[in-house]
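Notes follow the structure.
The values are calculated or read from the model by the stated rules, or taken from the named source; none is laboratory data. Please read these numbers as outputs of a predicted model, since none were measured by experiment. Ideal geometry is used to build each Cβ from the backbone, glycine not excepted, and the neighbour counts take in all protein chains shown. With ligands, DNA and RNA removed, areas are computed over all heavy atoms of the protein, side chains included. Shrake-Rupley method; radii C 1.70, N 1.55, O 1.52, S 1.80 Å.
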Amino acid sequence: MAATFILGIESSCDETAAAVVCSGARVVSNVVASQFAVHQPYGGVVPELASREHLRAIVPVVRQALAEAGRTYESVDAVAVTQGPGLAGSLLVGISYAKALAFALEKPLIAVNHLEGHIHAVLLEERQRGQDRLRFPALSLVVSGGHTHLYLVQPSADTWSYRNIGHTRDDAAGEAFDKVAKLLGLPYPGGPIIGRLAAHGNGRAVKFPPAQIKHPDRRTPAPGPTKADTLGGNHLPGFDFSYSGIKTAVLRYVEIHALRPSIEARRTALAKLAKATPEDYLAHSDQMTLDLIASFEQAMVDDLVAKTLAAARHYDVQSVLVTGGVAANNHLRQTFDDQASQAGFPVFFPSRPLSTDNAAMIAAAAYPKFVAGDFAGIDFSAEAGMRLG
Ligand code: KG4
Ligand code: ZN
């Protein structure tokens, strides 16, 4: 098949993104306009503000993605857009724009699941490197602000199949990073800041007992390899996550150790800075807080890695993929690298720019659908709670 240029559009949360990807294998351009500054004063994403910002950014972002790719609107082969999951109002901005564009240009329109996009970020970059190291079935951990999900991933004919074998029972891992950061007087999004500060603390200083990151309903998987039930089986044991307990444990630690005054002082000092840097966050964090942050990150990393590798062993997969915003975390990557190789699983991550939300992953996930002629009707709509597998 001739080179296929797909314009991807992503607007599910607080990033307006557009990208051009060639045949699911080469990022030609990748533009991301972040709304962090708009939401930062509120300590989290405000849905109404997010929709308004998408509306403001979508036209210039798409224009820039085409310009950087050296392409005209007419010279793309298809338009792909995130259908869900995400914020309904935000998704609708991308979808309405993509529909109008596809209709006016008489190009096929492709609807993509955001979670499938995160998985394809890894596949895209592996193809881009010209390497073919991925073996299937693979297990993919999608770990972001909205999801902590495990999928068995398998190519089948000219499409892909996914089977969800675990998910968070309450907060997503990224949400826990964001909430703990907010609790400690640090700005949104908390994940990248916690990742930076944790390097300055002792990750073993505060013990978070496993019970605090274990859902009481979590089923213990039956032992033994079960290649037979990989993707095809009916009974699948759960590998679930739960991160609301650890957030409460951090809160309790703050109260027991009377950290509130220092948190308030930090919040006030950082609010006065026009643009705080990692050095500013560090300068306003005492050692006890740094140890708490490092210990929180350690507990999150230990749990994510242990459960993912337990599932990888149980399903006897050939590769492990780790993707989504939290996959940008250095400590998580290092620990996966060490422990997965010890356990005999090759582990793959996207580059950092493709770990967090972007549209290249949407254009890449759209390519097999383009090949299969799996196009969206002009009447399709946003699906805020869309599931995968
Ligand atoms: O995939 P993403 O950009 O958006 C969603 O689909 O949710 O993920 C955003 C999440 C946020 O919760 C953010 O705090 C977290 O990813 N995150 C990180 C890091 N960078 C982003 N968490 C931990 N360490 C990081 N370095
Ligand atoms: Zn995402």
Would you mind working out the accessible area per residue for the chain, using a 1.4 Å probe, and quoting it in Å²?
41 Å²
Could you name the aspartates and glutamates in cross-link range of Lys99, using Cα to Cα under 16 Å and dropping any fewer than eight places away on the same chain?
Glu10, Glu74, Asp77, Asp374, Asp379, Glu383
Area accessible to solvent at Val254, 1.4 Å probe radius, in Å²
0 Å²
Roughly to the nearest percent, how much of the accessible area of the chain is carbon and sulfur, given a 1.4 Å probe?
55 percent
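A 18 angstrom limit on the alpha carbon distance is what I want to check against. Which of Lys179/Lys307; Lys182/Lys272; Lys179/Lys272; Lys179/Lys247; Lys182/Lys247 exceed it?
Lys179/Lys307; Lys179/Lys272
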Checking the range 1-99 for GluC sites (Glu not before Pro) in a loop per DSSP with at most 16 other beta-carbon atoms within 10 Å yields none
Relative contact order for the chain: what is it in percent, counting Cα pairs under 8 Å that are at least 6 residues apart?
26 percent
Most mobile of Gly84, Gly373, Gly201 per a Gaussian network model of the chain (Cα springs, under 10 Å)?
Gly373
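Going by accessible area, probe 1.4 Å, with all protein chains left in place, what is the ranking of Met386, Met288, Met361, largest first?
Order by accessible area, largest first: Met288, Met386, Met361.
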